[in-house]
Amino acid sequence: MARKQRRGLSELLRVPGGERVDLGGYDARATTGGPKDKKAALAVTAAMGEHLAQLQERLWAASTAGDRRRVLLVLQGMDTSGKGGTVKHVIGHFNPSGCRIKAFKAPTPEERRHDFLCRVRRELPHAGEMGIFDRSHYEDVLIARVRELAPPAELDRRYEEINHFEESLAADGVTLIKCFLHISYDEQRRRLLERLDRPDKHWKFNPGDIDERELWPAYQEAYEVALHRCATERAPWYVVPADRKWYRNWAVSRLLLEHLRALDPRYPKADFDVAQCRERLLKGA
């Protein structure tokens, strides 16, 4: 009897293309495809670090021989879902010289004078690099929808423009890994209260977070629309349960590992005579 092949996490967490998304049907505390508990997850995540680091080095090395491929990890989620924490715990495995990390804030007056994708294009990873976006171009169809900063016709145009943009990136050698860090309403309250209860967390708290929380249903709907409209074959979305931080970090690490293994970057062959160089050194050069 043929052995049943285990499904990869990329398949388990992937948003089905073309289908309506109901986030109410996704359990934010789920541990889909993951280790049995926190202790096991921490051990497995640490072990993955060595493999991720080696694959990143191979990706960077391949770029020196003309390989244009690179990776872009997009992290989106409600406040406290762990975008910054994911960067800290997951990207810590990589060599910083091969990473390009950008945390997108509200656009400046100068940025507003340009197309909404303009500032994003400036931050894209170069050949061989790992790019990480803490928030991204999706803010322009999330906040804009919730706060009614753009009319429906403009939002429709932006969804299509995002799809064309991401398709062009994929065609140019960019592997897109778009993760929606799915946190529950109750868990967000707990994390916000923790920030208030701990003086060392006050710097992370913004009273405006409470105002945004009051718009929770509108934000959930905005994410559902974005996940539905912009989940394509070459730029899929992954819903990562984020109530358990240890699972979130393991899952994003695993998604990166699966995609890097699929790319299978190779060290370039030497463009010099290895034997001759060895002989010269052994002779005392």
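The values are calculated or read from the model by the stated rules, or taken from the named source; none is laboratory data. Remember, it's a predicted structure, so these values are computed and weren't measured experimentally. Neighbour counts are summed over all protein chains in view; Cβ atoms, including those assigned to glycine, are modelled from backbone coordinates with ideal geometry. Calculation scope for accessible area: heavy atoms of the full protein, side chains included, ligands and nucleic acids excluded. Shrake-Rupley method; radii C 1.70, N 1.55, O 1.52, S 1.80 Å.
Checking each residue in the range 86-107 for being part of a helix (DSSP H, G or I) and among the β-branched types (Val, Ile, Thr) picks out THR86, VAL87, VAL90, ILE91.
Screening TYR159, TYR247, TYR223 for residues that are out of contact with any Leu (no Cβ under 8 Å at 6 or more places or on another chain), in a helix (DSSP H, G or I), hydroxyl-bearing (Ser, Thr, Tyr) and closer than 17 Å to GLU139 by Cα leaves exactly one candidate, TYR159.
Among residues of the range 90-119 being under 28 Å from SER63 (Cβ atoms) and touching a Lys or Arg at 6+ places or on another chain (Cβ under 8 Å), the one that is most open to solvent (accessible area, probe 1.4 Å) is ALA103. Restricting the range 148-194 to residues that are in contact (Cβ under 8 Å) with a residue 60 or more places away in the chain and hydroxyl-bearing (Ser, Thr, Tyr), the residue that is surrounded by the most Cβ atoms within 10 Å (Cβ to Cβ) is THR175.
Conditions tested, residue by residue: (1) open to solvent by less than 40 Å² (accessible area, probe 1.4 Å); (2) among the hydroxyl-bearing types (Ser, Thr, Tyr); (3) modelled with pLDDT of 95 or more.
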site: PRO207; (1), (2), (3): no, no, no
site: ARG229; (1), (2), (3): no, no, yes
site: VAL240; (1), (2), (3): yes, no, yes
site: ARG254; (1), (2), (3): no, no, yes
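Of note, TRP250 satisfies the criterion of being crowded, with 21+ Cβ neighbours inside 10 Å and under 17 Å from GLY34 (Cα atoms).
Of all residue pairs spaced 6 or more apart or on separate chains, those with beta-carbon atoms under 6 Å, a first member in the range 22-49 that is within 28 Å of ARG189 (Cβ to Cβ) and a second member that is hydroxyl-bearing (Ser, Thr, Tyr) are ALA28/SER184; THR31/TYR247; GLY34/TYR247; THR45/SER253.
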